[in-house]
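Enquirer: The structure that follows is given in the form of structure tokens.
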Amino acid sequence: MRKIVGLFMVALLVAGVFAGFSVKSYAQEGSIVVLLPDAASSARWEADDRRFLAAAFEEAGVKYSIVNANGDAARQLTQAEQAITEGAKVILLVNLDSGSGATIIEKAREAGVKVIDYDRLTIEGEGADFYVSFDNEAVGRLQGEGLVAAVKAAGLEKPRVAVLNGSPTDNNATLFKNGYDSVINPLFESGEWIKVADEWVPDWDNQRALTIFEAMLAASGGQIDAAIAANDGLAGAVIAALENAGKPYIPVTGQDATVSGIQNILMGKQSMTVYKAIKAEAEAAAALAIALLKGEPTDDLVTGTVNNGTRDVPSVLLVPVSVTKDNIAETVIADGFRTWEEICVGEVEQFCPKDR
């Protein structure tokens with residue numbers, strides 16, 4: 001009976017995270033609080049970032065908590081205010097948009113709480129104390145180059161190309177677009193490629209992406225030969241739209257090296273994804289947070305600065321890697337980020353290497 005009650009309480013706690021409410025007094029005096037954005041825009045936040053951050057904090061023996069706003073900016077602000085009130089010393093923030101992120105940073109600064117922008121840079125207000133992410137324009141360039149390679153491999157001449165950007169309120173989505181536009185715009189301008197659509201997906205919402213891409217297909221008379229999709233979730237929406245319309249798969253990009261993204265690549269439904277070593281990103285952010293919590297120097301942890309529009313924010317920028325069917329084993333598998341066991345299930349099994 002005790003075991004059943006214990007499992008029931010765990011289930012309630014988990015449900016609390018995903019329903020968006022926070023358990024009372026989750027923040028502790030002198031702790032680090034991580035504010036994750038949602039569980040829907042990408043599987044990475046709950047599947048990867050949470051576990052890697054938790055492991056780093058556990059190893060260091062510091063007090064911490066990790067909560068998820070479930071896509072609600074007002075809820076994230078409430079979570080931040082609660083953390084500040086309860087004595088947190090460092091907030092690691094993945095903002096839902098720069099406006100709400102700037103408000104959180106301002107309130108934290110007034111209370112003497114340090115803030116690290118994690119993965120997404122807050123481009124309104126004074127900015128966070130630190131920023132940890134990837135070179136996000138480089139991520140976009142890899143996507144653009146990946147689509148060029150896939151179009152060439154498919155032997156497509158004068159392909160009709162659609163572009164499915166991320167959320168217009170996410171600065172990262174703008175940086176990704178800057179990156180892939182630098183590769184594909186010259187092809188549009190020269191007439192080698194034809195742009196049939198270019199739209200943003202509010203909140204990175206995969207269901208809305210499906211609706212948007214289905215509308216693109218309809219408007220083009222079903223004539224879309226290739227697509228930029230800003231992450232694996234959006235790529236999945238493109239794939240689903242093609243399947244719903246009875247269309248063959250087309251070259252399409254992705255990002256985050258999610259399990260579903262890797263599976264789609266193996267099955268020939270997706271051309272590539274971008275692997276951002278989330279474990280390394282989480283560990284870099286955790287190291288900064290721990291140093292700030294303990295009042296230790298941070299100079300050796302920072303690799304440069306990024307201007308948020310107001311000032312240069314001390315930053316750590318990591319290098320992204322392009323992943324195709326040919327280098328899955330050497331990248332995400334070799335790093336331990338993904339395993340063949342979690343990828344090679346169900347219908348995917350037949351597409352996996354036999355000697356894995």
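Enquirer: Could you state the angle between the C-alpha long axis of helix 2-19 and the longest principal axis of the C-alpha atoms of the chain, as a value from 0 to 90 degrees rounded to the nearest 10?
Expert: Around 70 degrees separate the two axes.
Enquirer: Shifting gears a bit: With a 10 Å cut-off between alpha carbons and a GNM built on the chain, which of Glu46, Glu157, Glu29 moves the most?
Expert: Between Glu46, Glu157, Glu29, it is Glu157 that shows the largest mean-square fluctuation.
Enquirer: Continuing with the same structure: Segment 256-336: Rg/Rh from Cα coordinates, Kirkwood Rh? Before the final figure, lay out the partial values.
Expert: On the way: Rg = 16.6 Å, Rh = 14.8 Å.
In segment 256-336, Rg relative to Rh is 1.12.
Enquirer: Mind checking which of Ile265, Gly336, Val302 is farthest towards the positive end of segment 254-340's charge dipole, using Cβ charges of +1 (Lys, Arg) and -1 (Asp, Glu) about the Cα centre?
Expert: With unit charges placed on the Cβ atoms, the residue in question is Ile265.
Enquirer: Starting from the 7 Å offset along Cα-to-Cβ, what nm value, one decimal, do you get for the label separation of Asp312 and Gln223?
Expert: So the two model labels end up 5.1 nm from each other.
Enquirer: Okay, next question. Starting from the 7 Å offset along Cα-to-Cβ, what nm value, one decimal, do you get for the label separation of Glu296 and Glu110?
Expert: 3.2 nm
Enquirer: Long-range amide H contacts for Leu92: which residues qualify at under 5 Å (H placed 1.01 Å from N, peptide plane, sequence gap of 5 or more or a different chain)?
Expert: Result for Leu92 returns Val33, Val34, Leu35, Ile116.
Enquirer: Only four residue types carry charge here, +1 at the Cβ of Lys and Arg and -1 at the Cβ of Asp and Glu. Report the dipole size of segment 166-210 about the Cα centre in Debye, rounded to the nearest 20. Numbers along the way, then the final one.
Expert: Working: 3 positive and 8 negative charges, 6 e Å.
Using only the charged Cβ atoms, the result is roughly 20 debye.
Enquirer: So for the chain, taking the charge dipole from beta-carbon charges (+1 Lys/Arg, -1 Asp/Glu), which of Ala209, Asn68, Val348 sits furthest toward the positive end?
Expert: Val348
Enquirer: Based on alpha-carbon positions alone, could you give the equivalent ellipsoid semi-axes of segment 149-216 from the gyration tensor, as √(5λ), descending, whole Å?
Expert: Sorted largest first and rounded, they come to 23, 15, 10 Å.
Enquirer: Now a separate question. Provide the per-residue ³J(HN,Hα) series for segment 308-321, in order, calculated from phi with Karplus coefficients 6.51, -1.76, 1.60 and θ = phi - 60°, each as a whole number of Hz, with x at glycine and proline positions.
Expert: These are the phi-based 3J(HN,Hα) values: 9, x, 10, 7, 7, 9, x, 9, 10, 10, 9, 9, x, 9 Hz.
Enquirer: Calculate I(q)/I(0) for the chain by the Debye formula, one identical point scatterer on each C-alpha and no solvent, and give its log10 at q = 0.07 Å⁻¹ to two decimals.
Expert: Those come out to -0.31, one per q.
Enquirer: How high is the relative contact order of the chain, given as a whole-number percent (alpha carbon pairs under 8 Å, six or more residues apart)?
Expert: Relative contact order comes out at 17 percent.
Enquirer: Can I ask one more? Quick one: angle between helix 278-294 and the longest Cα principal axis of the chain, in degrees between 0 and 90, rounded to 10, please.
Expert: Taking Cα atoms only, the helix is inclined about 20 degrees.
Enquirer: Counting alpha carbon pairs within less than 8 Å and at least 6 residues apart, what relative contact order, in whole percent, applies to segment 56-213?
Expert: Details: 226 pairs, mean separation 28.7, N = 158.
It comes to 18 percent, rounded to a whole number.
Enquirer: Could I ask something else about it? Among 223-234, 204-215, how do they line up from the highest to the lowest mean number of other beta-carbon atoms within 10 Å? Please list the in-between numbers first.
Expert: Numbers: 223-234: 25.8, 204-215: 19.2.
By packing density, highest mean first, the sequence is 223-234, 204-215.
Enquirer: Give the relative contact order (percent, whole number) for segment 250-305; include only Cα pairs under 8 Å separated by 6+ residues.
Expert: Working: 45 pairs, mean separation 15.3, N = 56.
Across segment 250-305, relative contact order equals 27 percent.
Enquirer: I've got another one for you. Quick check on packing: order 343-350, 165-172, 87-94 by the mean number of other C-beta atoms within 10 Å, highest mean leading.
Expert: Numbers: 343-350: 12.8, 165-172: 21.8, 87-94: 24.6.
Sorting 343-350, 165-172, 87-94 by mean packing, highest first, produces 87-94, 165-172, 343-350.
Enquirer: I've got another one for you. Taking amide H positions as placed 1.01 Å from N in the peptide plane, with prolines and chain starts having none, which residues 5 or more places from Val201, or on another chain, fall under 5 Å of its amide H?
Expert: It is Asn165, Gly166, Ser167, by chain and number.
Enquirer: State to the nearest 20 debye the size of the charge dipole of the chain about its Cα centre, where the only charges are +1 on K and R beta carbons and -1 on D and E beta carbons.
Expert: On the way: 30 positive and 49 negative charges, 142 e Å.
Computed charge dipole of the chain: roughly 680 debye.
Enquirer: Quick check: the angle from helix 206-219's long axis to the longest principal axis of the chain, C-alpha only, nearest 10 degrees?
Expert: 20 degrees
Enquirer: Taking just the alpha carbons, could you work out the radius of gyration and Dmax for segment 120-233, both in angstroms?
Expert: Cα only, segment 120-233: 15.1, 49 Å (Rg, Dmax).
Enquirer: Also, I was wondering about something else. What's the magnitude of the charge dipole for segment 120-246 around its Cα centre, counting Lys and Arg as +1 and Asp and Glu as -1 at the beta-carbon? Answer in Debye, nearest 20.
Expert: Working: 8 positive and 19 negative charges, 88 e Å.
Result for segment 120-246 is approximately 420 debye, rounded to the nearest 20.
Enquirer: Now for a different question. On the principal axes of its Cα set, how long, how wide and how thick is segment 212-356? Give whole Å, largest value first.
Expert: On the principal axes, segment 212-356 reaches 59, 44, 21 Å in Cα extent.
Enquirer: Just the number, please: Stokes-Einstein D of segment 20-162 in µm²/s, Kirkwood Rh from C-alpha pairs, 4 °C, 1.567 mPa s.
Expert: For the chosen part, D equals 78 µm²/s.
Enquirer: So, one more: In sequence order, what are the phi-derived ³J(HN,Hα) couplings for segment 74-79 according to the Karplus relation 6.51 cos²θ - 1.76 cosθ + 1.60 with θ = phi - 60°, rounded to whole Hz, with x for glycine and proline?
Expert: Computed from phi, the couplings for segment 74-79 are 5, 5, 5, 4, 4, 4 Hz.
No lab work stands behind these numbers, since they all come straight from the coordinates. Bear in mind that the values here come from a model prediction, so they are computed numbers and not experimental data. A quick note on method: Cβ atoms are made from the backbone with ideal geometry, for glycine too, and the neighbour counts reach across all protein chains shown.
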